[in-house]
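Trainee: Please read through the structure below; I'll follow up with questions.
Only the coordinates and a few stated rules stand behind these numbers; no lab work does. Keep in mind it's a predicted model, so treat the numbers as computed, not measured. All Cβ positions, even for glycine, are placed from backbone atoms using ideal geometry, and neighbour counts span all protein chains on display.
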Amino acid sequence: MSTFPTTTTALLVRTEWGPLYDAVRAGGADWRRRAMPVAVAAVFLTAFLHYVDTQPWGHGFVQAVGGVRAEDPLWLSLLRTPLSLFVPALDLPAWGGLLQILVVFGIAELCLGRRRTLLVAYAATLAGTLYARVGIRLGPDVPLGLPASDAYVVDTGPSAAVVGLAVFVCCRHRAYATAGLVVSSMVAEVLLKENLAGKEHLAAIAAVLVLCGGTELRQRRSGTRAGSWSGLPPIAS
């Protein structure tokens with residue numbers, strides 16, 4: 001029997017976050033997921049790269065191995081993109097970003113597993129990286145375009161991965177209101193302060209929504225095939 005009180009607010013909370021809570025609890029039952037090695041490693045790597053990047057002797061190194069700009073050759077950007085997930089922007093508060101990484105990566109790892117968490121995070125970051133190039137080619141006069149000066153701006157770093165993972169996990173576990181809140185906040189960010197980071201966040205969201213749609217379609221097709229087989233009469237012996 002459910003321990004949630006039978007109030008309207010509690011029912012709404014249960015409907016919105018119940019499946020997500022159950023998934024986190026089930027993932028936490030596995031000690032390998034409970035340790036959250038991907039989330040912990042992401043936090044430490046981001047903190048380390050942030051420290052090195054703020055040092056006069058380390059800024060050039062971090063940018064050389066993980067700094068992605070649209071002006072760079074595509075092959076070089078793709079080579080740097082995996083590490084760029086953990087290179088935070090210098091104009092953002094480091095500790096707040098680390099807390100977001102720990103919470104979002106941790107929940108995703110418990111719900112999705114290590115490989116899928118890294119895959120979604122990489123897909124979100126890569127979408128932002130590729131969008132920057134397309135947006136600059138479109139130009140600032142197009143709604144989704146970017147000014148040429150953004151070619152020299154470093155990509156968002158872990159924030160695109162965090163946003164993408166948050167939306168993917170929420171959609172996967174039917175927390176649609178929470179996903180809508182994340183999307184709305186990113187849209188508001190672009191409207192209030194139009195910059196490269198905000199639009200890259202929207203590109204990351206678009207990419208993970210495509211992943212969510214593909215996952216949902218594949219599951220429905222698998223269910224249809226399973227249902228068609230289960231509905232067949234038994235074979236006579």
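Trainee: Taking the structure as given and computing Cα extents along the principal axes in Å, which label from (i) 72, 43, 36; (ii) 54, 41, 37; (iii) 49, 37, 31 fits?
Mentor: (i)
Trainee: Give the shape of segment 168-212 as rounded, prolate or oblate, defined through the alpha-carbon gyration tensor: a ≥ b ≥ c are the square roots of its eigenvalues, a/c under 1.5 means rounded, and otherwise the shape is prolate if a/b is larger than b/c and oblate if not.
Mentor: Because a/c hits 1.5 or more and a/b fails to exceed b/c, segment 168-212 counts as oblate.
Trainee: With angles folded into 0 to 90 degrees, how steeply does helix 74-84 sit against the dominant principal axis of the chain? Use alpha carbons for both and round to 10.
Mentor: Between the helix axis and the principal axis of the chain, the angle is about 70 degrees.
Trainee: Measure nothing fancy, just the Cα-based angle from helix 37-53's long axis to the longest principal axis of the chain, in degrees from 0 to 90, nearest 10.
Mentor: The helix 37-53 is inclined about 10 degrees to the chain.
Trainee: Another question, then. Where does each of 9, 117 land when they are ranked from fewest to most other beta-carbon atoms within 10 angstrom?
Mentor: 9, 117
Trainee: Relative contact order for the chain: what percent, with Cα pairs under 8 Å and sequence separation of 6 or more?
Mentor: 21 percent
Trainee: Where the only charges are on Cβ atoms (+1 Lys, Arg; -1 Asp, Glu), what is the dipole of segment 1-147 about its Cα centre, to the nearest 20 debye?
Mentor: 480 debye
Trainee: On a 0 to 90 degree scale, rounded to 10, what angle separates helix 114-138 from the longest Cα axis of the chain?
Mentor: Here the helix axis deviates by roughly 50 degrees.
Trainee: Hey, another quick one. Among 176, 156, 191, whose Cα projects farthest towards the positive end of the dipole of segment 151-213, with charges put on the beta-carbon of Lys, Arg (+1) and Asp, Glu (-1)?
Mentor: Working it through, the farthest residue towards the positive pole turns out to be 176.
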